[in-house]
Structure formats: structure tokens, C-alpha cells
Amino acid sequence: MSKGQPIKIATRQFTKKGDAVAFFRAMLNRYKPGERVSDEDGKDLAALLRRHPDAEDKIGPGINHFEVMSADYNTQCFWVVRSDETIERFSFVACLGAESRDG
């Protein structure tokens, strides 16, 4: 049986990728589309977003806050609201699949 690869971000450490996916999926499901993510959850999301393969483009001029909004196929996802008021959606799964960058 293979052992899972640990996942580390600046705010948390997970024993394996599946634990991190479950954590962020539960966080996503705590919110309804249109809701602003709490500042506490936002700290974890900011650390996670730094692991995204396109982190620099996603973060842009800086992070103001995060929201949950509707996405394709009747789903929802996290969106970063940047300091210049522009928004960008991102996949938490893509962030967890990125090469290890301590976020």
C-alpha cells in the first residue's frame, strides 16, 4: 500500500493530499454562492493560492478577500477578489496538485 504525499501550506500541514482535498472541499461547501469567505478561512485560502501553477497571475496586485461563486455545471468554486477589485476564480485542486511551494 502506497503512502500519501504530505501537503504543506503556510497555515496547515496535511498527512496526504486526500486530507487537504477533503479540508478545502468542506470549506467550499460551508458557503453558498455569493458569500464572502471568513477572514479565518481566507488565511488558509491565501496560503493555498500561492501553490497554484499560475499563482502570480491569479493573485495579481494582491488579495483583498475570497468569495464563493457559481461555476460551470451547477457547481461552485472559490474566487479571489484582488486589491484592485478584479476577480479571478481558481481551483483548490489545482493548488494541491502544484509542485511543493510553501504557501
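Please treat every number below as a calculation from the coordinates, not as lab data. Since the structure is predicted, the reported quantities are computational estimates derived from the model, not experimental observations.
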Number of Lys pairs in the chain closer than 26 Å at Cα, excluding neighbours under 8 places apart unless interchain, is 14
Helix 17-29 versus the longest principal axis of the chain: what is the Cα-based angle in degrees, 0 to 90, to the nearest 10? 30 degrees
Per residue of the chain, what 222 nm ellipticity follows from adding -39500 (n - 2.57) for every DSSP H run with n ≥ 4, rounded to the nearest 500? -9500 deg cm²/dmol
As I understand it, the value is the acute angle between the Cα axis of helix 39-49 and the longest principal axis of the Cα atoms of the chain; what does it come to in degrees, rounded to 10? 70 degrees
If you take the C-alpha gyration tensor of the chain, multiply each eigenvalue by 5 and take the square root, what semi-axes do you get, largest first, in whole Å? 22, 16, 12
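Relative contact order of the range 23-103, please, whole-number percent, based on alpha carbon pairs below 8 angstrom and at least 6 residues apart.
Values: 130 pairs, mean separation 27.1, N = 81.
Computed over the range 23-103, the figure is 33 percent.
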